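Notes follow the structure.
The values are calculated or read from the model by the stated rules, or taken from the named source; none is laboratory data. Just so it is clear, the model here is predicted, and its values are computed rather than measured. Here the Cβ positions follow ideal geometry from the backbone for every residue, glycine too, while neighbour counts run over all protein chains shown. All accessible areas refer to the heavy atoms of the entire protein, side chains included, with ligands and DNA or RNA removed. Shrake-Rupley method; radii C 1.70, N 1.55, O 1.52, S 1.80 Å.
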Amino acid sequence: MKVIVVKNYDEMSKVAANHVADVMKAKPDCVLGLATGDTPIGMYKNLIEMYKNGEIDFSKTTSVNLDEYYPITPDNDQSYRYFMNCNLFDHVNIDKAKTFVPDGQAKDVEAHCKAYEDRIDDLGGVDIQVLGIGRNGHIGFNEPDDELIKGTHLTALTQSTIEANSRFFASEADVPKHALTMGIESVFKARKVIVLASGANKAEAIRAMLKGNISTKCPASLICLHPDAVIICDEAAYSLV
Ligand code: PGA
């Protein structure tokens with residue numbers, strides 16, 4: 001595992017975008033594993049700039065997203081499909097038919113989760129998976145627990161995540177209580193994983209991840225075992241390590 005500590009959010013975003021761009025340049029038909037949330041927005045802005053400058057090209061790229069609320073419609077402005085369109089896909093030359101986000105309207109959830117996992121395998125696996133980290137150490141919607149489910153699955157959100165995400169909704173009651181998420185094993189199929197963290201509110205999670213024991217009580221700690229994991233965090237997020 002490699003840890004890169006940078007000054008602030010802008011630098012974190014640039015360094016993260018460079019990691020993604022390097023994979024795209026080396027392998028134009030790569031599979032990107034993408035994440036939502038506040039953290040990667042700056043990275044997406046940098047990638048859009050690089051695309052506009054002709055540095056990177058998304059025409060052969062496929063993407064697979066980490067998670068999605070359930071239930072939710074893709075046109076709901078809080079859905080992760082909507083987020084991805086607004087923050088990246090609408091601004092680059094990616095073929096939207098090759099962008100995959102778990103279906104927040106799936107009727108047969110179990111079959112959908114299996115199909116999602118099979119798709120990752122059929123694509124030959126993710127080349128670089130971008131991850132944020134929850135204040136409670138969650139990865140995707142893999143929340144701290146005694147056990148973690150390996151593959152893509154439906155999960156209940158913890159109260160801490162509902163509270164953290166309520167800032168995006170009219171009220172806490174409007175936050176969906178469930179989500180579809182890749183599991184830790186799905187994440188581990190990626191050849192490279194980058195974890196981004198910015199700000200003092202992530203400091204405890206980064207401390208637990210890097211200094212605590214490996215534990216399902218801190219799902220991010222498991223990422224330390226990945227053979228090619230890079231943690232990119234700013235000084236505030238690193239301040240308790
Ligand atoms: P954030 O979420 O980027 O909005 O802080 C990260 C996460 O909860 O995984």
**Message:** Please report, ordered by residue number, every helix of the chain (full DSSP H runs) that is 15 Å or longer along its axis going by C-alpha atoms and whose mean Kyte-Doolittle hydropathy reaches -0.5.
**Reply:** 9-26, 41-52
**Contact order relative to length of the chain, as percent, for alpha carbon pairs under 8 angstrom and 6 or more apart** = 26
**Request:** List, largest first, the extents of the alpha carbons of the range 1-142 along their principal axes, each in whole Å.
**Result:** 43, 35, 31
**Message:** If you roll a 1.4 angstrom probe over the protein chains with everything in place, what fraction of the accessible area of the chain belongs to carbon and sulfur, to the nearest %?
**Reply:** 50
**Complete:** Of all C-alpha pairs within the range 172-211, those more than 11 angstrom apart amount in percent to 77
**Request:** Might you report the magnitude of the Cβ-based charge dipole of the range 89-241 about its Cα centre, with Lys and Arg at +1 and Asp and Glu at -1, to the nearest 20 debye?
**Result:** 300
**Request:** Could you work out how far the C-alpha centroid of the range 114-157 sits from that of the range 1-55, in angstrom?
**Result:** 20
**Asked** Using a simple spin-label model with points 7 Å from Cα along the Cα→Cβ vector, what separation in nm is obtained for Ala111 and Arg135?
**Response** 4.0
**Complete:** Expected vector for the range 141-156, Karplus 3J(HN,Hα) from phi with 6.51, -1.76, 1.60 and θ = phi - 60°, integer Hz, x for Gly and Pro, equals 10, 7, 8, x, 6, 5, 9, 10, 7, 5, x, 5, 7, 8, 9, 8
**Asked** Of Lys177/Lys217; Lys27/Lys107; Lys98/Lys217; Lys27/Lys211, which ones are farther than 31 Å apart at the Cα?
**Response** Lys27/Lys107; Lys98/Lys217; Lys27/Lys211
**Message:** Taking the solvent-accessible surface of protein heavy atoms with a 1.4 Å probe, what is the per residue accessible area of the range 1-147 in Å²?
**Reply:** 45
**Item:** Proportion of all alpha-carbon pairs of the range 180-241 beyond 13 Å (%)
**Value:** 61
**Prompt:** In deg cm²/dmol, rounded to 500, what helix-only [θ] at 222 nm does the chain give when every DSSP H run of at least 4 residues adds -39500 (n - 2.57) and the total is split over its residues?
**Reply:** -9500 deg cm²/dmol
**Message:** Applying a 10 Å radius around every beta-carbon, put 94-105, 194-205 in order of their mean neighbour count, most first.
**Reply:** 194-205, 94-105
**Item:** Per-selection Kirkwood Rh - the chain (Cα, Å, 1 d.p.)
**Value:** 17.8
**Message:** How much of the DSSP bridge set in the chain is antiparallel, in percent, rounded to the nearest 5?
**Reply:** 30
